[in-house]
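Notes to accompany the following structure.
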Amino acid sequence: MVKQKAYRKHIQLTDFQIKRLYELSEFDGVDPAEHAMRAIDAYLKSKKTDVPLKGQAQIRTKVKDQSNDPQIEGAVWLSGTVNQYEFSALILKTPAKTAMEKGRISKLSIWDPAVRKATNNFIGACIVNYDRGWDIRPSRRAEIYYHPVKALLDEFIARHQ
């Protein structure tokens, strides 16, 4: 069995994969994280997610549910949709060091429900995942969904200060 190391949270790479990633980075001078992001973009493209480019589609965000977190006082879970994707976010009562941009968004996931249902794999279905740190940063193709959701969450935070 091949030993695996964590390159990023929830993504496991073998020693061989890590070695090849750094060799590639030494060869072309590009940061290993950039190579990983390119691989994620290529993976999403191969899945034929049919993500339209900016301006090609009207992005619709909608909050469907809001509930208090039973374990964190004052924290709120928001869930909803952004076009064909679903999202879920944990909003804290006060800013935190581990929150996004040291603000109040502690967790944010945007995923494709069809992929999640087909694969029964939450992380595999995510196009964006922040869990007290970036697990899956928004790729160029996912940014058009991430930014409207982030704006919706920022608006919610501004209303509930």
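Numbers at a glance
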| quantity | calculated |
| --- | --- |
| Matching residues, region 1-17, being modelled with pLDDT under 75 and either within 22 Å of the chain's Cα centre (by Cα) or farther than 29 Å from Ser109 by Cβ (or both) | Met1, Lys5, Ala6, Tyr7, Arg8, Lys9, His10, Ile11, Gln12, Leu13 |
| In region 63-80, residue surrounded by the fewest Cβ atoms within 10 Å (Cβ to Cβ) [restricted to those that are more than 21 Å from the chain's Cα centre (by Cα) and under 14 Å from Arg104 (Cα atoms)] | Glu73 |
| Residues satisfying the stated conditions in region 135-149, i.e. closer than 14 Å to Glu86 by Cα and surrounded by 21 or more Cβ atoms within 10 Å (Cβ to Cβ) | Ala142, Tyr145, Val149 |
| Given (1) in contact with a strand residue (DSSP E or B) (Cβ under 6 Å, 6 or more places away or on another chain); (2) hydroxyl-bearing (Ser, Thr, Tyr); (3) modelled with pLDDT of 90 or more, number of the condition Thr61 does not satisfy | (3) |
| Top-ranked residue of region 100-111 - restricted to ones that are outside any loop (DSSP other than H, G, I, E, B) and among the charged types (D, E, K, R), ranked as farthest from Gly74 (Cα to Cα) | Glu101 |
| Selection from region 99-132 of residues that are at positive phi and touching a strand residue (DSSP E or B) at 6+ places or on another chain (Cβ under 9 Å) | Arg132 |
| Which listed residue, of Ile91, Ile127, Ile157, is under 15 Å from the mean Cα position of the chain (by Cα) and surrounded by 14 or more Cβ atoms within 10 Å (Cβ to Cβ) | Ile127 |
| Hits in region 134-154 (condition: part of a helix (DSSP H, G or I), more than 16 Å from Ile91 (Cβ to Cβ) and charged (D, E, K, R)) | Glu143 |
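The values are calculated or read from the model by the stated rules, or taken from the named source; none is laboratory data. Just so it is clear, the structure is predicted and the values come from calculations on it, not from any experiment. Reconstructed Cβ throughout: ideal geometry from the backbone, glycine too, with neighbour counts over all protein chains shown.
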